[in-house]
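Worksheet: the structure to be examined is printed underneath.
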Ligand SMILES: NC(=O)c1ccc[n+]([C@@H]2O[C@H](COP(=O)([O-])OP(=O)(O)OC[C@H]3O[C@@H](n4cnc5c(N)ncnc54)[C@H](OP(=O)(O)O)[C@@H]3O)[C@@H](O)[C@H]2O)c1
């Protein structure tokens, strides 16, 4: 299948890494479904993609809401009849706070958005990819998914969870032609990073566009990365 007929869904496509991924996939000729909560930003990214001559489908929704995810999957199928790539990128991160002082509502939001959202989206697209006998799911984890960081217990727990989910599901669906990968990022120059680590200089961080290039390459049918892998991408000096 030519790239211009392949369809990708990107969660958290309004800002930062997700927006960079959306533009990068569109540049490659993918049909690009954008999922996030901010309708104004969604419309802007969709406009940018259409200005490039590519197809964009903005869908408002919250990854923590199963109903929103189910509706979005239905919309993508109705428009394009296939989902070749899912990028589970949406996520939240709060400033450094020791667990003893961590607000319970922020714990629940972090786990719900960063881990349960990946579960909902993955579960919803697997039957479609099974039917297609092909598909790639790329879950955005973090260096914080491989080692704990003081003040980031909830975030680390969610990102460790993403790696466990990735490895388990990858084993379950390998024989169906579906690949599932985790991408563990070092610091990336986005709003989230600067909220958690105010004072980090952009020069020491990955650019969202560098991350997007890696995501697009992992999504390629030519990519030979072993399914279930956690790929690390850090800034190199
Ligand atoms: N920046 C880093 O240093 C870094 C490092 C490692 C991993 N990561 C991971 O990379 C991913 C993207 O982060 P970023 O740095 O690009 O963050 P960002 O600039 O804050 O963007 C986060 C995106 O997620 C969306 N989002 C958040 N909660 C959502 C929800 N409940 N439902 C739907 N969409 C939601 C936001 O859109 P709306 O607000 O419009 O919904 C936004 O588009 C996250 O999973 C993050 O954990 C980031």
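Structure summary
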read-out	value
Label point at residue 172 placed 7 Å out along Cα→Cβ; residues across the stretch 126-158 whose backbone nitrogen lies under 11 Å	126-127
log10 of Debye I(q)/I(0), alpha-carbon scatterers only, for the stretch 29-124 at 0.13, 0.15, 0.19 Å⁻¹	-0.52, -0.66, -0.93
Value of relative contact order over the stretch 129-218, rounded to a whole percent, pairs C-alpha under 8 Å and six or more apart	32 percent
Per-residue Cβ neighbour rank within 10 angstrom, fewest leading, 80, 121	80, 121
Binned Cα-Cα distance frequencies in the stretch 103-223 - 5 Å width, integer %	2, 10, 18, 21, 20, 14, 9, 4, 2, 0
Ranking of 193, 200 by count of other Cβ atoms within 10 Å, fewest first	200, 193
Mean shadow area of the chain, taken as a quarter of the surface of its Cα convex hull (nm²)	12.4 nm²
The stretch 3-233, relative contact order [Cα under 8 Å, separation at least 6], %	20 percent
Global form of the stretch 45-95, assessed from the alpha-carbon gyration tensor, a/c cut-off 1.5	oblate
Exposure proxy ranking, count of Cβ atoms within 10 Å, fewest first, for 94, 234, 30	234, 94, 30
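Taken together, the values in this text are just the output of simple stated rules run on the coordinates, not laboratory data. For clarity, every value in this text was computed on a predicted model and none was experimentally measured. Methodologically, a virtual Cβ is constructed for each residue, glycine included, from the backbone with ideal geometry; neighbour enumeration extends over all protein chains shown.
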